[in-house]
1. Between residue B:130 and residue B:64, what FRET efficiency follows from the Cβ-Cβ distance if R0 is 41 Å, with the result rounded to 0.05?
2. Would you mind calculating the gained length between residue A:77 and residue A:55 on full extension (0.36 nm times residue separation, minus the Cα-Cα distance), in nm to one decimal?
3. Sticking with the crude label model, points 7 Å out along Cα→Cβ, report the distance from residue B:174 to residue B:46 in nm, one decimal please.
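A short reminder: the numbers here are calculations on the coordinates, not readings from a lab. Every value quoted in this text rests on a predicted model; they were computed, and no experiment measured them. Cβ: placed from backbone, ideal geometry, glycine included. Neighbour counts: every protein chain shown.
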């Protein structure tokens, strides 16, 4: 993993973690978050990126929970319908 | 911050390339990113289905719905972590909850994280010393599995990977739920072809 961090921006020794590296990682994170992707990076503070990251992860967790709920209900009814199960199996194998 | 300006310069160059006709290039580069490719999602979907079928044994018909939903969630997370092939700390942490042998690895990793913090503490890190940043960092560390005491740069890398993985998980589970709810083969065929 350290090889990924040895970029041209490193000023000192290899064990240093520079501010620029952190900013670089934060801007990468910013690109992933839909809410912040539209804004230009010089207007979004690191704190905001971190805040939105936390919110986004919480949202994703909630979505997965809802989907788990939905899937658990669907799985209970699907097994009784063997035609659907066969179709799923054939599509995914 | 000067470093931010150099970032913007690179970003704006990248953005200039993103004209209307260049959408396909973006799609291709997105597919190369981890967790974004179709094959990753297919791998995950297959493993998920197999694992979920194992849950649906005769005993589960008597267990309560929230319990089964919880089992589905745990299974989904576990399969997600195993699809990560142990490249990331968060995936190892999730798998560690299931395979007790992995706890040895976790202890070793925590020691390394501690020494990383000591080295970074010597540097003048204006950004990461801000109390607001530290507070958010702590919250983020709690949200990403296994990253409570991880130093900031590692945490940011883990979070980046974790978010992509979660997005894929949502896509795969949504597709699966639509598939199961679809009912007719025409509906299912439509899902697969889209």
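1. Working: r = 46 Å, r/R0 = 1.11.
Calculated transfer efficiency: 0.35.
2. Values: separation 22, 0.36 × 22 = 7.92 nm, distance 3.36 nm.
Length gained between residue A:77 and residue A:55: 4.6 nm.
3. Label-label distance for residue B:174 and residue B:46, simple model: 2.4 nm.
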